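Data block below; observations after.
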Amino acid sequence: MQEDKHRHKSNVWAWVAGTLAVLIICGYTGCQNFKKDLANPNSKLQSHINQQVEKMVLDASDSLYHIEYYKFDLDVDLRSNNRF
């Protein structure tokens, strides 16, 4: 009986550790693909972000303000200690 409890606990921890590892790997891969897409001059994601930022400024200011810019450069560096 004691052995079954120990085996059950170790199986639960193995599943938790495996799930956590998969989530970390998927998150890291997603961040790398996000950075790679933003570095591409023909990025679809970057144009979508541009449209959303413009829409948010118009909606938040009740169409009093608009935003225009020539180049939108978003640098995503998760390893940097300087967050601000």
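Residues considered: 72, 84. Of these, the only one that is loosely packed, with under 10 Cβ neighbours inside 10 Å, modelled with pLDDT under 80, not aliphatic (A, V, I, L, M) and not in a helix (DSSP H, G or I) is 84. The set of residues in the stretch 21-38 being surrounded by fewer than 12 Cβ atoms within 10 Å (Cβ to Cβ) and among the aliphatic types (A, V, I, L, M) consists of 21, 22, 23, 24, 25.
The values are calculated or read from the model by the stated rules, or taken from the named source; none is laboratory data. Predicted model, so just to flag it, every value in this text is computed and none were measured. Virtual Cβ from ideal backbone geometry, glycine too; neighbours counted across all protein chains shown.
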